[in-house]
Amino acid sequence: MVHIGAGFALPLAWFSHIPLSIALAAALLATALAAINHRWRLLPALEDVGRASIGTIAYGASITLLLGLFWPQRADLVCAAVLTMALGDGLAGLLGAHFPSRRWQLFGQTKSLLGTAVMAVVTLLVLLILLPQLPIYQLLAIAASATLLEQFSWGGIDNFSVPLLVAAMAHWLGS
């Protein structure tokens, strides 16, 4: 749920024309608070993913880095990269865990066919909406790469690597 809630802060900041200084300060503060919470479990529900994970810290770090690299000139790119995790990975985790489908283990993490499909489809939809200037074959490549990277990530590191991959690919491909 942290994924989903935090992810929607960025489109809100974009539409509110929040300047880099404020966005970056907020992201740094949120990341620091996530690190403190991870260490001392002040709000244990934020860390309750059923496995050892630095996901909340990694998510904040990726948002902070993306803001520093692209905000506000490419707010669309930052939002697309972060909403990939917020919606794609967030919904994949919720739906994949609660509905039966084929499951497998990778690096000690349980993955499901439904969760993987949700990640791929939702990522593609986010990209179609926020980066419509890219050709469909490029959007498909980004969505497939993000979904594949999420499969091979462990310990919450996908919260850092997937948004950065999405932003890097979209930027490199010319969005």
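The values are calculated or read from the model by the stated rules, or taken from the named source; none is laboratory data. Predicted, not measured: the structure shown is a model, and the values here were computed from it. Note that we place each Cβ from the backbone using ideal geometry, even for glycine, and neighbour counts take in every protein chain shown.
When Trp172, Trp104, Trp71 are checked against the criterion of being closer than 30 Å to Ala25 by Cβ and free of Cβ contacts under 8 Å to residues at least 12 places away in the same chain, a single residue qualifies: Trp172.
Suppose the filter is buried (at least 18 other Cβ atoms within 10 Å of the Cβ), at pLDDT below 95, within 15 Å of the chain's Cα centre (by Cα) and of a type in the set (A, V, I, L, M, F, W, C); does Ala6 pass it? So Ala6 passes the test.
Restricted to helices (runs of 4 or more DSSP H) entirely inside region 57-175, those with at least 2 residues that are hydroxyl-bearing (Ser, Thr, Tyr) and at negative phi are 113-130, 136-151. Being more than 16 Å from Gly7 (Cα to Cα), of a type outside the set (Phe, Trp, Tyr) and buried (at least 16 other Cβ atoms within 10 Å of the Cβ) is a property that holds for Ala146. Take the conditions over 18 Å from Ala170 (Cβ atoms), of a type in the set (A, V, I, L, M, F, W, C) and touching a helix residue (DSSP H, G or I) at 6+ places or on another chain (Cβ under 9 Å) and apply them to Ala81. Does it pass? Taking the combined requirement at face value, the residue does not satisfy it.
Among the residues of region 106-160, those identified as within 19 Å of Leu77 (Cβ to Cβ) and aromatic (Phe, Trp, Tyr) are Tyr137, Phe160. Please determine whether any residue of region 22-42 is farther than 20 Å from Pro163 by Cα, among the polar types (S, T, N, Q) and modelled with pLDDT of 95 or more. No, region 22-42 has no match at all.
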